[in-house]
Amino acid sequence: MEKKIYLDHAATTSTRSSVVDAMLPYFTEEFGNPSSIYEFAQNAKQAIDDSRQIIADAIHAEVAEVFFVSGGTEADNWAISGVVENYAKKGNHIITTKMEHHAVLHTCEYLEKKGCEVTYLDVDADGLISLDDLEKAIKDNTVLITIMFANNEIGTIQPIKEIGVIAKKHKVLFHTDAVQAFTHVPIDVVDMNIDLMSMSGHKIYGPKGVGALYIRKGVRMKAFIHGGAQERRRRGGTENVPAIVGFGKAVKEATALMDSEAIREIELRDYFIKKVLETVPYVKLNGHPTKRLPNNVNLSFEFIEGESLLIMLDMKNVCASSGSACTSGSLDPSHVLLAIGLPHEIAHGSLRITIGEKTSREELDYVADALVTIVKRLRDMSPVYEDYMQKKIESVIETQYKK
Amino acid sequence: MYTKKVMDHFTNPRNMGEIDHADGVGTVGNAKCGDIMRIYLKVEDDIIKDVKFKTFGCGAAVATSSIATELVMGKTIEEALKITNDAVVEALDGLPKAKVHCSLLAEEALHAAIWDYAQKNNIQIEGLEPPEDTEDYDHHVEEEDEFE
């Protein structure tokens, strides 16, 4: 196929042209500083307020509870370190999971070095936490539970509402990184008892460099970036008006399309998974089969390595991602795949495909067919597959994952 | 990220496969690290008449094993042992820093295959060490400099 097949929407999306159109006037015509007093600049201020309203409506929050930031990573940093700082009198214990995004994990590790205590909950083979473990982990000095809404690699969606109930019962604040889930699955911060929530623009056809943190009214939170009076004095710095406008536009469009897109994506997702599992031997689906993001596919191909697979796909104009060590920049495969107990052998051979609004069945057929050829080629090259064929070793997938 | 040479050897690997009744076989690395290389040798009159490889690993791992086989083909054992990982990297017009360990693996796989050949034929080769226990095989990426 000549055309590029982009299947890495969990990494980032294009900025939709309608979003770009909405943003453009705020670079050139409506460039006023929202903090300025003259009427001309008030248009920019109004645009920010409108975006804030859209985002608040999308998650059933109040306008004053939405704070614009530079993206999901900043939102996670602010939420966690902010709670720790502002609730220091109550305690310094955080509960999280082993499969959070690095924006959460590395913030927790940093705070641990500063004297905080962090509990990293285990997840099961599908990536779900145990509510029982969570409740047992809560102590008198626990100030925050931070558990992601849906996992970026394997797509598993956590029982957020149930976590919210437990947090409320024990009077512990609950933060969720909803970067992957936002506008993909319904979110109601009131119904789900969420106190803080991270969102990002560029995963939902909005621009990069913008996101939001929802902070429930009543949660004590001081300034994260010191400066002017922007974002109710909590996040100083002149607002990135065009990006905020684009973010609002993207949320509005994604929210309107959410239900129909979810149905379409789930159908495509399950079609693709079924097809690959049927046509390629020694493959396993990672993540929960149904409690997963509509657009996420994560497969482990035994006896081969993920980066090789990605390069071969790239040569066929397919953009995808892997949790193998070579693509993570470290020597270990992804912490998410290790957290679900995947043996190293098959964690290195993982492939993540995340579909988007333009993904077609034809494209997925093309990729599934390409995988048959590529996987065979890499297995022919693999000494591990040779050992398996000569019955010197067993297949991890056959022995551990086939019931 | 990779040079043209690396991509060429990854997409058209030279000497990929097995040798039946090989005179020497060496396997290094382990699945835990995500790289395993196996090299097969056919040796006649101290000359490497044929060499093949199989690799489980990233693009750089495949390319380094491919080029290593090219570098030793037709060489004497003594000459083959002189080929270092630096020579492998150079022949590929360079490797990203994080992938240099792949070239070490290629050197080790070659040495392991020669060791196996020497063992089978009761040959003493000066300076040739037995392959390390591959389960303990460990490679390190240099940490980026931190700002103090």
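Using Stokes-Einstein with the Kirkwood hydrodynamic radius over Cα pairs, what translational diffusion coefficient do you get for segment B:1-51 at 20 °C and a viscosity of 1.002 mPa s, in µm²/s rounded to a whole number? So the translational diffusion coefficient is about 166 µm²/s. Pairs from the list A:Lys45/A:Lys249; A:Lys139/A:Lys169; B:Lys5/B:Lys82; A:Lys275/A:Lys376; A:Lys169/A:Lys203; A:Lys161/A:Lys249 with a Cα-Cα gap above 24 Å: A:Lys169/A:Lys203; A:Lys161/A:Lys249.
When A:Ser360, A:Ser200, A:Ser18 are arranged by Cβ crowding within 10 Å, least crowded first, meaning fewest neighbours, the order is A:Ser360, A:Ser18, A:Ser200. Residues whose amide H falls under 5 Å from that of A:Val118, counting only those 5 or more places apart or on a different chain, are A:Ile94, with hydrogens built in the peptide plane. Using the Karplus relation 6.51 cos²θ - 1.76 cosθ + 1.60 with θ = phi - 60°, the per-residue 3J(HN,Hα) values for segment A:101-111 come to 5, 4, 4, 8, 4, 6, 5, 5, 5, 4, 5 Hz, with x marking Gly and Pro. Going from the fewest other Cβ atoms within 10 Å to the most, the residues A:Arg352, A:Arg269 appear in the order A:Arg269, A:Arg352. Within segment A:51-122, the trypsin sites (Lys or Arg not before Pro) that combine a DSSP coil assignment with at most 12 other C-beta atoms in a 10 angstrom radius are A:Lys89, A:Lys114.
Where is the GNM fluctuation largest for chain A (alpha-carbon springs, 10 angstrom cutoff): A:Ala370, A:Ala339, A:Ala347? It is A:Ala370.
Highest mobility in the GNM of chain A, judged by mean-square fluctuation with C-alpha springs under 10 Å and restricted to A:Asp387, A:Asp369, A:Asp314, is found for A:Asp387. Absence of a disulfide-compatible partner, taken as no other cysteine beta carbon within less than 4.7 angstrom, is noted in chain B for B:Cys33, B:Cys102.
Its Cα gyration tensor gives segment A:31-114 an equivalent ellipsoid, and the semi-axes of that ellipsoid, as √(5λ) in whole Å with the largest first, are 33, 14, 13. I need the fraction of alpha carbon pairs in segment A:197-356 separated by more than 24 Å, rounded to a whole percent. Roughly 52 percent, rounded to a whole number. Using a Gaussian network for chain B with springs between C-alpha atoms less than 10 Å apart, which of these wobbles most: B:Asp86, B:Asp45, B:Asp116? Most flexible of the set in this elastic network: B:Asp45. Mean projected area of the Cα convex hull of segment A:191-275, taken over all directions, amounts to 7.7 nm². Considering all different alpha carbon pairs of the protein assembly as shown, the Kirkwood hydrodynamic radius works out to 25.7 Å.
Ordered by the count of other Cβ atoms within 10 Å of each Cβ, fewest first, A:Trp78, B:Trp115 give B:Trp115, A:Trp78.
Here, each number is a calculation from the coordinates, and none is a lab measurement. Source: prediction; values computed, not measured. In this analysis, Cβ positions are derived from the backbone assuming ideal geometry, glycine residues included, and neighbour counts consider all displayed protein chains.
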